[in-house]
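A.B. asks: Pasting in a structure now, in structure tokens, and then I'll have a few things to ask.
The values are calculated or read from the model by the stated rules, or taken from the named source; none is laboratory data. Since we're looking at a predicted model, the values are computed, not measured. Here the Cβ positions follow ideal geometry from the backbone for every residue, glycine too, while neighbour counts run over all protein chains shown. For accessibility, only protein heavy atoms count, side chains too; no ligands or nucleic acids. Shrake-Rupley method; radii C 1.70, N 1.55, O 1.52, S 1.80 Å.
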Amino acid sequence: MKSNNNRSMVVERYTVTDRIAHTVHAVAMIVLIVTGLKIYTGWDFMSFHSARALHMIMVPFLLAVNWILIPYNIFSEGHGVFGKISHFTDHYIFGPKDATRLGGIIKNFFRKGRYPAFSIYDEEKGHYETKLHPVMKVLIVLEGTAIFLIAVSGIVLYKLDWSVLGLPIGSWILSIGGLIAPLFDLTAIQFYRILHLLMTYWFVFELVVHVGILEFDPHVWKYYKAIFLTGKEDLSDTHYSEFVEKYSRFDANKKEHKH
């Protein structure tokens, strides 16, 4: 696809803080998975002490990125309260348009049409309408839930009486676990240990889906380059992307009125 009047089609897909957040998130998650499984299974490639130390070092990085930097990145886009809400829902909430795209993706799997664009940039608005694969919008919600659960369970696995500013957070978490665990014939700490492990397996599964399936395609490698290095996307490459030109809607309306 070529732009009329030779206009540039290279746009900023990810800001510097977006790239920092994604890189730190990826590194922290991989280190946490590897060290966590080492602690649980007893793999002998590293000492228990080193694995635990690395595990605890990565925890604040992961939580700071997901609970501070990523929300900042999301809500720094858009103008005004309603603009920010609109940006959030368009980019991160699975909606009817995403369901349509997902239907097209499923049809494409059975060779019933072209793979639909999920990265759509509107030149007139000067920003992306959407830039996430529809399945990723579902995974984001599940990942956020999993990070919360693994953080909560990790607190009591780290220290039963952990507290902040005198607040007995660890005791509160144990009390909540004490209400749920008997349903599974477990103690509270057993329940949290299993929950922590299950969430680890979830992140392994998500990593496989995110990297190994959704993006196991040379045409999608451009997004790796964008999110880790340049932050830019060249929309003249129309694999999975669409560039809505500034006056395309106006021209289309003019043609309709002429007829």
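A.B. asks: Quick one: what pairs do we get from the stretch 182-208, first residue in contact (Cβ under 8 Å) with a residue 40 or more places away in the chain, second among the aromatic types (Phe, Trp, Tyr) and open to solvent by 80 Å² or more (accessible area, probe 1.4 Å), C-beta under 9 Å, 6+ apart or different chains?
C.D. replies: Pairs found: 193/40; 196/40; 197/40; 200/40.
A.B. asks: Let me ask something additional. Determine whether residue 194 is modelled with pLDDT of 95 or more, more than 21 Å from the chain's Cα centre (by Cα) and over 22 Å from residue 56 (Cα atoms). Walk me through how you get there before you give the answer.
C.D. replies: Working: modelled with pLDDT of 95 or more: yes; more than 21 Å from the chain's Cα centre (by Cα): yes; over 22 Å from residue 56 (Cα atoms): no.
When the stated conditions are applied, residue 194 does not pass them.
A.B. asks: So if I check each of 119, 163, which one is within 30 Å of residue 200 (Cα to Cα), touching a helix residue (DSSP H, G or I) at 6+ places or on another chain (Cβ under 9 Å), open to solvent by 50 Å² or more (accessible area, probe 1.4 Å) and of a type in the set (Gly, Ala, Ser)? Walk me through how you get there before you give the answer.
C.D. replies: Values: 119 fails: open to solvent by 50 Å² or more (accessible area, probe 1.4 Å).
The conditions single out 163.
A.B. asks: On the given criteria, is residue 145 under 14 Å from the mean Cα position of the chain (by Cα) and either farther than 22 Å from residue 223 by Cα or not in a helix (DSSP H, G or I) (or both)?
C.D. replies: Yes, satisfied.
A.B. asks: Same structure, new question: For the subset of the stretch 144-160 comprising residues that are without any contact (Cβ under 8 Å) to a residue 24 or more places away in the chain and open to solvent by 50 Å² or more (accessible area, probe 1.4 Å), which member is nearest to residue 190 (Cα to Cα)?
C.D. replies: 159
A.B. asks: Looking only at the stretch 33-46, how many residues end up being among the hydroxyl-bearing types (Ser, Thr, Tyr) and open to solvent by 60 Å² or more (accessible area, probe 1.4 Å)? I'd like the intermediate steps shown before the answer.
C.D. replies: At the first step, the residues of the stretch 33-46 found to be among the hydroxyl-bearing types (Ser, Thr, Tyr) are 35, 40-41.
Checking the rest, the ones that are also open to solvent by 60 Å² or more (accessible area, probe 1.4 Å) come to 40-41.
So the count comes out to 2.
A.B. asks: Another question, then. Which one of these does residue 161 not meet: (1) over 23 Å from residue 86 (Cβ atoms); (2) in a helix (DSSP H, G or I)?
C.D. replies: (2)
A.B. asks: Also: Could you tell me which residue of the stretch 50-101 is nearest to the chain's Cα centre (by Cα), considering only residues that are charged (D, E, K, R) and open to solvent by less than 50 Å² (accessible area, probe 1.4 Å)? Give the steps one after another, and end with the answer.
C.D. replies: From the stretch 50-101, those charged (D, E, K, R) are 52, 77, 84, 90, 97-98, 101; that's our starting set.
Among the residues that remain, those that are also open to solvent by less than 50 Å² (accessible area, probe 1.4 Å) are: 98, 101.
Values: 98: 16, 101: 18 Å.
Filtering first and then ranking leaves 98.
A.B. asks: Among all residue pairs at least 6 apart or on different chains, which show Cβ distances below 8 Å where the first residue, located in the stretch 90-110, is without any contact (Cβ under 8 Å) to a residue 60 or more places away in the chain and under 18 Å from residue 139 (Cβ atoms) and the second is open to solvent by 50 Å² or more (accessible area, probe 1.4 Å) and assigned to a helix (DSSP H, G or I)?
C.D. replies: As it stands, the answer is 92/140; 94/138; 94/141; 95/89, since those pairs meet every condition given.
A.B. asks: Can you report the number of residues in the stretch 210-259 which are in a helix (DSSP H, G or I), among the β-branched types (Val, Ile, Thr) and modelled with pLDDT under 85?
C.D. replies: Restricting attention to the stretch 210-259, the residues satisfying the condition of being in a helix (DSSP H, G or I) are 210-213, 218-230, 248-258.
Subsequent filtering for residues that are among the β-branched types (Val, Ile, Thr) retains 211, 213, 220, 227, 230.
Subsequent filtering for residues that are modelled with pLDDT under 85 retains 211, 213, 220.
Residues flagged as in a helix (DSSP H, G or I), among the β-branched types (Val, Ile, Thr) and modelled with pLDDT under 85 within the stretch 210-259 amount to 3.
A.B. asks: Could you grab me the full set of residues in the stretch 122-143 that are in contact (Cβ under 8 Å) with a residue 60 or more places away in the chain and either exposed (fewer than 13 other Cβ atoms within 10 Å of the Cβ) or charged (D, E, K, R) (or both)?
C.D. replies: Of all residues in the stretch 122-143, those in contact (Cβ under 8 Å) with a residue 60 or more places away in the chain come to 122-124, 128-129, 131, 133, 135-136, 139, 142-143.
Listed by number, the residues that qualify are 122, 123, 124, 129, 131, 142, 143.
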